[in-house]
Amino acid sequence: MSEFRERIEAAIPALRRYARALTRDAETADDIVQDTLVRALRSEHLFHGGDMRAWLYTILTNLNRNRLRTLARRPVVTPIKDTDATASGPDSGGRDIVRALEMLTEEQRSALLLVVLESLTYREVSEVQGVPIGTVMSRLARARNEIKSYLDGERPALRRVK
Amino acid sequence: MADRDHVSEEELNAYVDNELPADRRSIVEAWLATHPDDAARVAAWRQQAELLCQRYGHLEYETPPARFDLDRLARRRYGGLAAIAATIAAFLLGAAAGWTVHGLEIQKPSDLARFTTDALVAYRLYTVEVRHPVEVPGEERPHLVQWLSKRVGSPLNPPELDKQGLKLVGGRLLPGPTGPSAFFMYETSSGERFTLYCGQVNDGETALRYTTGGQNAAYYWVDRNLAYVLSGPMETVKLKEIAQAAYDQIDRRTPPRG
């Protein structure tokens, strides 16, 4: 196997993790990962070194954006079911954070997951998303505040009394 | 005057993400010691990260299923979403055509406005295509250019955008508001797509103009009775750079009026 393919292969587990959290649906996530891999293989001649992982995250993020655009234009929208969380049983903490992710816009979710789950730097995320670092930072701040108020609202016992 | 010791929300985030320079780190730590509300927020954000890692972290240690075998995927060359995307695109083609006709009946905007709308519809329609984004691939550029020039009725020359990191995927012929239009698709190495739509209009020449539609945006202009619309994702900082490069090349190539 070529070095190029070996490097792609090494990234598959992380891509699956990011895709799963991004789509909250195991099947959709693996479909996107597969399309990402196919596209990466097809674009081997376009890859001139550099950060393979960030490149793959960029492809995946773009494919997911295209997918959502297609869904948005469909007259009958089928809600994406959170099959994954239900299947994993009585893990209410997990379910909470999954629901909380749904409160975010696609860009906020992607920024937060790339930083928190995938350990990308702000600079790398700004390249993946094609926006200035300042935009990445405000997406992150908004994402965290959204999630916090959602989680706080779900657990009234934890809400501070003023 | 900004207080040097004041800590902004963005800095708190950067602190959590280890993105602060060392000197600011200690200032933030001192701040958190005296601002329990902010300290509680930082703790909550860290807990969010913890929950996310607990929820999704296991995937990093799972053996990927056999469908991700790269040698097999390299032979197949297309993915699971491709078929779905193709089906949806076929449906949308009908919807888009209907919508355009609908628009024409209700109001009569300028050729250029209709042209720009059509270009954005085409952009949304074809950039999601994995298997069949174009009719003629970019590798057959001479044939592609000759064919589309003939159908549009004017010599075309799609710009070279390699310097901007774009490769010509190819092109196709599309119906436009005033006749046949040419549609060229470009792609970055990470799969981000930009399209150039062009055809004849009767409006006068214009400089670069900007418009948005949904998640996408376009720059458009008219040069020698040919209208051009360069469309791409709205978020990217690249769109303007690419449009400017395309505009400059086309402008330079156009022979002076005689």
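Laboratory data are not the source of any read-out in this text; all were calculated from the coordinates shown. Just so it is clear, the model here is predicted, and its values are computed rather than measured. For neighbour counting, all protein chains shown are included, and Cβ atoms are generated from backbone atoms with ideal geometry for every residue, glycine included.
Residue ranges A:43-51, A:60-68 sort as A:60-68, A:43-51 when ordered by packing (mean number of other C-beta atoms within 10 Å per residue, highest first). Full extension of the chain between B:Arg209 and B:Arg131 yields a length gain of 24.9 nm, computed as 0.36 nm times the residue separation minus the alpha carbon distance.
Overall, segment B:9-61 carries a charge dipole of about 200 debye about its Cα centre when +1 sits on the Cβ of Lys and Arg and -1 on the Cβ of Asp and Glu, all other atoms neutral.
In this structure the amide hydrogen of B:Ala217, modeled in the peptide plane, comes within under 5 Å of the amide hydrogens of B:Gly232, B:Met234, none closer than 5 places in sequence on its chain.
Taking every residue in A:37-45 and counting other chain Cβ atoms within 10 Å of its Cβ, the average works out to 6. Per residue of A:50-62, other chain Cβ atoms within 10 Å of the residue Cβ number 2 on average.
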